[in-house]
1. Based on other C-beta atoms within 10 Å, arrange T15, T123, T132 from fewest to most.
2. Counting Lys +1, Arg +1, Asp -1, Glu -1, what net charge surrounds S10 among other residues with beta carbon under 10 Å of its beta carbon?
3. Sort H137, H78 so the one with the fewest other Cβ atoms within 10 Å of its own Cβ comes first.
4. For the pairs K11/K136; K25/K179; K94/K179; K11/K85, flag any whose C-alpha to C-alpha distance is greater than 24 Å.
Amino acid sequence: MRPLTVNELSKMSNTQIAAYLNDYKEAKILDLPDMEGQGLADTLVKCVEANPQRFSDNLLPFQGVRNLYLSSLLQGFHNAWRDGKEFDWAALLKFIYQTFSSERFWIEQYETGFNYRNWILSTAADLIREGTKNDKHAFDVQFLPLAEEILLILVEKAEPSIFAPKDSSLNVLSSNRGKVFSAMINYALRYARTN
């Protein structure tokens, strides 16, 4: 089954997209089970990136989608913000907080393939970092308390990286914890500048 194109996916409602994501079965690439759904995941990133406000208007249907697609959804918002596009940060931060408050999110086990939960944690940290690093393009200060709550969950739950490259500074910066601490620094600086 081929994934829909960005144009085809964009014509669907958020509820239809979420249902499609949950039902989608993609042919395995090179017999690698962890690559199943990657084509659709890439399409979702591009779709959200193209029109992030449309997605932030109704995120409720995306609660409960597979973590691969949840990661792609957040990556689309991250890319859109980096490109200077606007969307509803209140809705997005509430969605992230609700996701991290769900027991189901934390108990899902990954026996083979990628641990998409780590991708979600990393992307959420990247989003908060991007949303606080530049005062000219930052989310509203009224959302800082919610961002702080998310960061406190992330600092508690983010696992150390299992990779140990020769350059340990690279490992620290690119690990989940490194991204969380980087987001916390940007958050603290933004908080200090506004208070």
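The numbers here are math on the coordinates, done by the rules we state, and not lab data. All figures in this text were calculated on a predicted structure; none of them were measured in a lab. Virtual Cβ from ideal backbone geometry, glycine too; neighbours counted across all protein chains shown.
1. Numbers: T15 12, T123 22, T132 25.
Ascending Cβ contact count within 10 Å gives the list T15, T123, T132.
2. Working: positive: K11, K46, R54; negative: E8.
Value of the local net charge: +2.
3. Numbers: H137 13, H78 22.
Listing H137, H78 from fewest to most nearby Cβ atoms yields H137, H78.
4. Values: K11/K136 32 Å; K25/K179 32 Å; K94/K179 20 Å; K11/K85 20 Å.
Result: K11/K136; K25/K179 exceed 24 Å.
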